[in-house]
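Below is one structure; the comments refer to it alone.
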Amino acid sequence: MARYLKVAAAQLGPVHLADDRASVVRRLIALLCEAHAGGAELVVFTELALTTFFPRYWMGDQAEIDAFFERRMPGPETQALFDEAKRLGVGFHLGYAELAREGGRTRRFNPAILVDRGGEIVGKYRKIHLPGHAEHRPNVPFQHLEKRYFEVGDLGFRAWRAMGGIMGVCICNDRRWPETFRVLGLQGVELVMLGYNTPSFNVAHDEPVHLRMFHNHLGMQAGAYQNGTWVVAAAKAGEEDGHGLIGGSCIIAPTGEIVARALSEDDEVIAYACDLDLGDYIKSTIFNFEQHRRIEHYGLITRQTGVVPPEGGE
Ligand code: CDT
């Protein structure tokens, strides 16, 4: 018998600098309730969902930076979201900024958690592919300071048995890297959740907006198909204090097809009843890893980061 899980992606419209956590959590709860009313059992919220996308701002004062971080999860403002989800019996995925005391030092990460129907955190992932730069670039219209504000995640790409399936998490820029999906695929992942904050404008290159959206979906559709997994992706969208973020939240089947897609650049719920067995035929035929992977030829992928072109020739 097919295993169906109705999953919602809860796209979040702009969160401005002036918006406080309590108002954002109220919006998340409204999205959660809407998703539940439509039959969703799992709701995927976006990356850094509780605040504006603050890595666009250069901040020199550590206290100002730390105001965007959570010390506890759930914490004073997020407890209401946990309570409501538990009351409704709905699981959720949430991205936020984490300030942790570990090994006698303060650490800052860009994580996402998976919370089950009973309100328990059953999985946590800390973002590994941090894009952008660490130094101030005063000559561009906005910054992308993830490399300054966060450490590289130290928990690996993990999948967990939860919500009746094998669930994986990655975050935003991770979705552009085939390695992300393959490491999850090697754990038999059936559904990958992710949130993203993707600026509409590429400060490094004059790239048409339609390509931003095309590349957003391209990597996720490939990752879904090549690993026989569902992908549920929730964007932060719209103009945050004048800085555009693409929307395009979507649910992608293991066939690589987009089966649901957000229409707006605002708070919006999309949902789909995902057959968690749908990827089985892909995993057992064209992408039967056990039969067809040739790991003796993949060594460069873990030995080398940058490109080393062949020597000699013309
Ligand atoms: N949040 C995040 O990872 N955003 C990146 C922007 C890359 S441009 C510096 C993304 O891959 O969408």
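From the list GLU151, GLU179, GLU84, the one residue that fits, being surrounded by fewer than 19 Cβ atoms within 10 Å (Cβ to Cβ), part of a helix (DSSP H, G or I) and not aliphatic (A, V, I, L, M), is GLU179.
If you go through the stretch 252-260 one residue at a time, do you hit one that is over 19 Å from the mean Cα position of the chain (by Cα) and more than 18 Å from VAL169 (Cα to Cα)? Within the stretch 252-260, one or more residues are over 19 Å from the mean Cα position of the chain (by Cα) and more than 18 Å from VAL169 (Cα to Cα). Within the stretch 1-15, the only residue that satisfies the criterion of being loosely packed, with under 12 Cβ neighbours inside 10 Å and in contact (Cβ under 8 Å) with a residue 24 or more places away in the chain is ALA2. Among residues of the stretch 188-198 being within 16 Å of the ligand (Cβ to nearest atom) and part of a loop (DSSP other than H, G, I, E, B), the one that is surrounded by the most Cβ atoms within 10 Å (Cβ to Cβ) is ASN197. Which residue is nearest to the ligand (Cβ to nearest atom), if the candidates are limited to the stretch 149-187 and must be of a type in the set (Lys, Arg) and farther than 22 Å from SER249 by Cα? Among them, the one singled out is ARG158.
Summed over the stretch 110-166, the residues that are in contact with a Leu (Cβ under 9 Å, 6 or more places away or on another chain), hydrophobic (A, V, I, L, M, F, W, C) and more than 18 Å from TYR96 (Cβ to Cβ) give a count of 7. Just so you know, in the stretch 154-165 the residues that are buried (at least 18 other Cβ atoms within 10 Å of the Cβ) and among the hydrophobic types (A, V, I, L, M, F, W, C) include one that is nearest to the chain's Cα centre (by Cα), and it is PHE157. When restricted to residues that are in contact (Cβ under 8 Å) with a residue 40 or more places away in the chain and not in a strand (DSSP E or B), the stretch 156-172 contains 5. Kindly establish whether ILE252 is buried (at least 21 other Cβ atoms within 10 Å of the Cβ), β-branched (Val, Ile, Thr) and in contact (Cβ under 8 Å) with a residue 24 or more places away in the chain. Spelling it out, ILE252 is indeed buried (at least 21 other Cβ atoms within 10 Å of the Cβ), β-branched (Val, Ile, Thr) and in contact (Cβ under 8 Å) with a residue 24 or more places away in the chain.
Of the listed requirements (1) touching a Leu at 6+ places or on another chain (Cβ under 7 Å); (2) within 18 Å of CYS170 (Cβ to Cβ); (3) in a strand (DSSP E or B), VAL269 misses just one: (2). Does LEU218 satisfy the criteria of being in a helix (DSSP H, G or I), within 15 Å of the ligand (Cβ to nearest atom) and either on the phi > 0 side of the Ramachandran plot or aliphatic (A, V, I, L, M) (or both)? Judged against the criteria, LEU218 is a match. Among residues of the stretch 272-290 being in a loop (DSSP other than H, G, I, E, B) and surrounded by 16 or more Cβ atoms within 10 Å (Cβ to Cβ), the one that is farthest from the chain's Cα centre (by Cα) is PHE287. Listed conditions (1) in contact with a Cys (Cβ under 6 Å, 6 or more places away or on another chain); (2) under 19 Å from PRO178 (Cβ atoms) are all met by VAL307, apart from (1). Kindly evaluate GLU207 against the criterion of being at pLDDT below 95 and within 13 Å of the ligand (Cβ to nearest atom). The answer is yes for GLU207. Any chance the stretch 141-153 includes a residue that's polar (S, T, N, Q) and farther than 24 Å from GLU239 by Cβ? No, the stretch 141-153 has no match at all. None of PHE54, PHE92 is crowded, with 18+ Cβ neighbours inside 10 Å, within 23 Å of LEU245 (Cα to Cα), touching a residue at least 12 places away in the same chain (Cβ under 8 Å) and within 16 Å of the ligand (Cβ to nearest atom) except PHE54. Considering only residues in the stretch 116-148 that are away from the ligand (no atom under 16 Å from the Cβ) and surrounded by 15 or more Cβ atoms within 10 Å (Cβ to Cβ), the one that is farthest from PHE68 (Cα to Cα) turns out to be ARG117.
Of the candidates GLU84, GLU64, GLU34, the single residue that is charged (D, E, K, R) and within 17 Å of ILE121 (Cβ to Cβ) is GLU84.
The values are calculated or read from the model by the stated rules, or taken from the named source; none is laboratory data. Nothing here was measured: the structure is a model prediction, and the numbers come from that model. Here Cβ is always computed from backbone atoms with ideal geometry, including for glycine, and neighbour counts include all displayed protein chains.
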